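The values are calculated or read from the model by the stated rules, or taken from the named source; none is laboratory data. Small disclaimer: the values here were computed from a predicted structure and weren't measured. Virtual Cβ from ideal backbone geometry, glycine too; neighbours counted across all protein chains shown.
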Amino acid sequence: MNYSNNKILIWAPYRGNVGTIDAVINYANMFSDGGYHPIFVEVCDEWSSIQNINENYEIISLTQSRILKNIGKTNLLKRRDFFLYCFFKLFKLKQVIFEINPKFIFGFLGLAQLLIASKDSNYPVFGSIQGYPRFLNSKIKKNFYIKTEDNIRKFVWKKTYSRLQSICCMTPSTAEKISHFLGKPATFVPNPLFAGIPETTQIFSAEKPVDYVLIGRFCYQKRFDAGLSFFRKVKLLQPRSKLHIFGDVTSKDIQSLNILTDSEVDEAIILHGFRKDLWSYMNTNLNAVHLVASQWEDPGHAILEGLNHKVPTLFINVEANYMDFYNGYKVCVFNYMNNISFDEINDLIRVASEPKGTRRIQKNLCSKFYKSNVYKIVDSLIDV
């Protein structure tokens, strides 16, 4: 195929193990299947280090210095520092955009830098807002520095995001709020998370001890305190149950919350770290129930991946921003702050694991995030 008129530039600089990584890869695969030639532009080898990207797609790096590339791979550059560093690469990014001469540009992270660099070009820029912006979240307690940063972000967004050809958001409510904030229409476009129904799914047994699961990095957003509080209550009712934590979390992190004693942590909690094969491992080795405790998600890749694998899921933070999205699909909800009885926890798990219910959620909710369905939406935006 002659790619001269089918090149698209993908811009998604990132730090850490974020859910956006898989979303961007799936977008690239989706575009490739649609006849386009995706080209990744990276800042510090963030995409070159991923094998299935390095082998299948062209990658152009904005940083040629091996020293700077290595710094980018370490923890010396925190997420905020990394995105500030992106501003120093604006001139190089501008050069690369004109050299590639893409049919269009699709950005996921660092959109302000991308829009500034592409300002003098006529290339259409599509932006996917990966997550609910913190500066629009009024439920978060913010100190002076966070408030200042949020005000800067608001200013930058209003000055740059108006240039986007289309603004894609991962939930209808976020699209509505972004549209109101920017005064520009935004569209609900799910991330293409799945090729379809997975080959293997969770088979839960009520006769076996329950393996409760928390997923995510250790930060306020993920509300590990809520997850641990809930688990401590059910542990008294189900002594053989365990809590499995997947993500960048240490025992020191868990102990810092002062919810479980050291002996409870040692006896009941298993830390797995980050696993690329999370769902296949869980389906094979655990009798899992996924606890969703986050304070905010949009709508949460791990949540949807679990539901698509038919993992019984309990939403235990009833005040979270995503509950309006999931409640429409009759998910299983319980307030972690309430006391719970033996019968109540058994009823919750029975409802969450009921095959007819898990199939319904997979069909009505998860299918919206299937690659073929997402491509129809994106293709209609590109053709406008």
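So if I check each of 71, 53, 60, 67, which one is under 23 Å from the mean Cα position of the chain (by Cα) and either modelled with pLDDT under 80 or assigned by TED's automatic domain parsing to the domain that holds residue 113 (or both)? Step through it out loud before you land on a result.
Numbers: 71 fails: under 23 Å from the mean Cα position of the chain (by Cα); 60 fails: under 23 Å from the mean Cα position of the chain (by Cα); 67 fails: under 23 Å from the mean Cα position of the chain (by Cα).
Residue meeting the stated conditions: 53.
With the condition kept exactly as written, say whether any residue in the stretch 377-384 is touching a strand residue (DSSP E or B) at 6+ places or on another chain (Cβ under 6 Å) and either closer than 23 Å to residue 24 by Cα or part of a loop (DSSP other than H, G, I, E, B) (or both). Let's see the steps before the verdict.
We begin by selecting, within the stretch 377-384, every residue touching a strand residue (DSSP E or B) at 6+ places or on another chain (Cβ under 6 Å); these are 381.
This time we only want the ones that are either closer than 23 Å to residue 24 by Cα or part of a loop (DSSP other than H, G, I, E, B) (or both), so: 381.
Looking through the stretch 377-384, at least one residue is touching a strand residue (DSSP E or B) at 6+ places or on another chain (Cβ under 6 Å) and either closer than 23 Å to residue 24 by Cα or part of a loop (DSSP other than H, G, I, E, B) (or both).
Somewhere in the stretch 311-328, is a residue at pLDDT 95 or above, surrounded by 22 or more Cβ atoms within 10 Å (Cβ to Cβ) and part of a helix (DSSP H, G or I)?
Within the stretch 311-328, one or more residues are at pLDDT 95 or above, surrounded by 22 or more Cβ atoms within 10 Å (Cβ to Cβ) and part of a helix (DSSP H, G or I).
Say we look at the stretch 14-50 and pick out the residues that are at pLDDT 80 or above, within 20 Å of the chain's Cα centre (by Cα) and hydroxyl-bearing (Ser, Thr, Tyr); which of these is surrounded by the most Cβ atoms within 10 Å (Cβ to Cβ)?
Ranking the candidates gives 27 first.
So, in the stretch 329-345, how many residues would count as being assigned to a helix (DSSP H, G or I) and free of Cβ contacts under 8 Å to residues at least 12 places away in the same chain?
So in the stretch 329-345, the residues assigned to a helix (DSSP H, G or I) come out as 342-345.
After this cut, where a residue has to be free of Cβ contacts under 8 Å to residues at least 12 places away in the same chain as well, the list is 343-344.
Total satisfying the criteria: 2.
Quick one: is residue 325 among the aromatic types (Phe, Trp, Tyr) and over 30 Å from residue 31 (Cα atoms)?
no
Mind checking whether some residue in the stretch 185-194 is at pLDDT 95 or above and of a type in the set (Gly, Ala, Ser)?
yes
Show the residue pairs that are 6+ apart or on different chains and have beta-carbon atoms under 7 Å apart, the first residue being within the stretch 242-263 and more than 11 Å from residue 216 (Cβ to Cβ) and among the small types (Gly, Ala, Ser), the second being modelled with pLDDT under 90 and part of a helix (DSSP H, G or I).
251/265
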